[in-house]
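See below for the structure under consideration.
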Amino acid sequence: MSTGTGVAEGRTMRCGIIGKPVGHSISPAFQNAAFRALGIDARYETWETEPEGLAAMVATLREADVLGANVTVPYKEAVLPLLDRLSEDAALVGAVNTIVRAGDGALVGHNTDIAGFQRALAEELAAAPVGRVAVIGAGGAARAVVLALARLGAWEIAVANRTIERAITLCDDLAETAGVPLMPLPLTGAVRAVRAARIIVNTTSVGMAGGEGDGRSPIPAMTFHAGQLVCDVVANPLETPLMRDAAAAGARTLGGRRMLVYQGGAAFTLWTGQEAPLDVMLEAARGAMAGR
Ligand code: ATR
């Protein structure tokens, strides 16, 4: 793992989040809380970027007072050709959520969504086996989640997507690395796989506050039952319609906030070389969300 150039004495270092929109991101709240907690002279900013300004924005990361950046919707794939190198995980997922200016000045793309989800799920499961899983969606977030699930020992992963072709491509691309059976399915034909799964993970944006799918769930409520763990990578709202349906059916739920903070913690370590104060970050994230 290549960490960044680190924090220089006597100057305030900068990092930030590149995306559109980023005004509602809670990353500044928990990253700045982490800098304060460790006495690091750095600040985390929001860098709202238009598509035509993306290359120029990424070029500014080469400036000496920049630690790096996070990348979010809709640029996680678009930044790839603008970087000098990719970590193994970023190359596998084909998406970058963290950029680090390495010691040699190169811009390196990482994907900390894998580690973020893996940590959040591992905590929730404790020592319980992962078993059979159904992943909803087949974009960059789904790729990160599939790799994390495979690393946690899933037996079999069904990947259900509205556009079946994307699910097939994901399964073909990741089959070898995952090392467990991956089964592509159309979303409309996924009821049986979802019912048979011990763990279900929504990686689509359906249910996200302010988005197109606000107030909706990507799968019918009758699909859930007790004994399942239903996870949503959507962090806002704290309880999505999917999680509400799952809880009503007696299933356990895991929301996206921990994953969000843990991917941020992994990015923090890449930028600063220091262990992230995760408790401080979780508390700050909780505060920022409560203020909405
Ligand atoms: P990300 O990198 O965040 O995963 P993405 O690559 O745009 O974002 O992928 C979004 C995922 O959400 C896709 O699986 C998408 O399904 P399609 O491949 O069919 O587009 C899914 N998605 C988005 N809106 C959806 C909706 N209204 N119903 C079902 N799936 C939806």
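So the values come out like this:
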{"read-out": "Only one of Ala197, Ala190, Ala247, Ala285 that is of a type in the set (Gly, Ala, Ser) and within 15 Å of the ligand (Cβ to nearest atom)", "value": "Ala190"}
{"read-out": "Residue identified as in contact with a strand residue (DSSP E or B) (Cβ under 6 Å, 6 or more places away or on another chain), within 26 Å of Val230 (Cβ to Cβ), not assigned by TED's automatic domain parsing to the domain that holds Leu152 and not β-branched (Val, Ile, Thr) among Asn97, Asn32, Asn70", "value": "Asn97"}
{"read-out": "Arg143 outside any strand (DSSP E or B), open to solvent by less than 50 Å² (accessible area, probe 1.4 Å), within 15 Å of the ligand (Cβ to nearest atom) and of a type in the set (D, E, K, R)", "value": "yes"}
{"read-out": "Hits in the stretch 200-239 - residues which are within 13 Å of the ligand (Cβ to nearest atom) and closer than 22 Å to Ala122 by Cα", "value": "Val201, Asn202, Thr203, Thr204, Asp232, Val233, Val234, Ala235"}
{"read-out": "Residues (in a helix (DSSP H, G or I), open to solvent by 20 Å² or more (accessible area, probe 1.4 Å) and more than 9 Å from the ligand (Cβ to nearest atom)) located in the stretch 153-173", "value": "Ile168, Thr169, Asp172, Asp173"}
{"read-out": "Matching entry among Gly137, Gly179 (being open to solvent by less than 40 Å² (accessible area, probe 1.4 Å), on the phi > 0 side of the Ramachandran plot and not assigned by TED's automatic domain parsing to the domain that holds Ala90)", "value": "Gly137"}
{"read-out": "Filter pass, Pro220 being open to solvent by 40 Å² or more (accessible area, probe 1.4 Å) and touching a residue at least 24 places away in the same chain (Cβ under 8 Å)", "value": "yes"}
{"read-out": "Leading residue by the ranking (surrounded by the most Cβ atoms within 10 Å (Cβ to Cβ)) among those in the stretch 100-132 that are within 16 Å of the ligand (Cβ to nearest atom) and in a strand (DSSP E or B)", "value": "His110"}
{"read-out": "Filter pass, Arg62 being away from the ligand (no atom under 16 Å from the Cβ) and surrounded by 13 or more Cβ atoms within 10 Å (Cβ to Cβ)", "value": "no"}
{"read-out": "Contacts under 8 angstrom Cβ, first residue in the stretch 265-283 being among the β-branched types (Val, Ile, Thr), partner in a helix (DSSP H, G or I) and open to solvent by 20 Å² or more (accessible area, probe 1.4 Å), 6 or more apart", "value": "Val280/Ala37"}
{"read-out": "Selected residue (only one of Gly215, Gly207 is on the phi > 0 side of the Ramachandran plot, touching a residue at least 24 places away in the same chain (Cβ under 8 Å), crowded, with 22+ Cβ neighbours inside 10 Å and outside any helix (DSSP H, G or I))", "value": "Gly207"}
{"read-out": "Residue check for Asp65: within 24 Å of Ala276 (Cα to Cα), of a type in the set (Asp, Glu) and more than 16 Å from the chain's Cα centre (by Cα)", "value": "yes"}
{"read-out": "Some residue of the stretch 87-96 being among the hydrophobic types (A, V, I, L, M, F, W, C), farther than 24 Å from Pro28 by Cα and out of contact with any helix residue (DSSP H, G or I) (no Cβ under 7 Å at 6 or more places or on another chain)", "value": "yes"}
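The values are calculated or read from the model by the stated rules, or taken from the named source; none is laboratory data. Since this is a predicted model, take the numbers as computed values, not measurements. Here Cβ is always computed from backbone atoms with ideal geometry, including for glycine, and neighbour counts include all displayed protein chains. All accessible areas refer to the heavy atoms of the entire protein, side chains included, with ligands and DNA or RNA removed. Shrake-Rupley method; radii C 1.70, N 1.55, O 1.52, S 1.80 Å.
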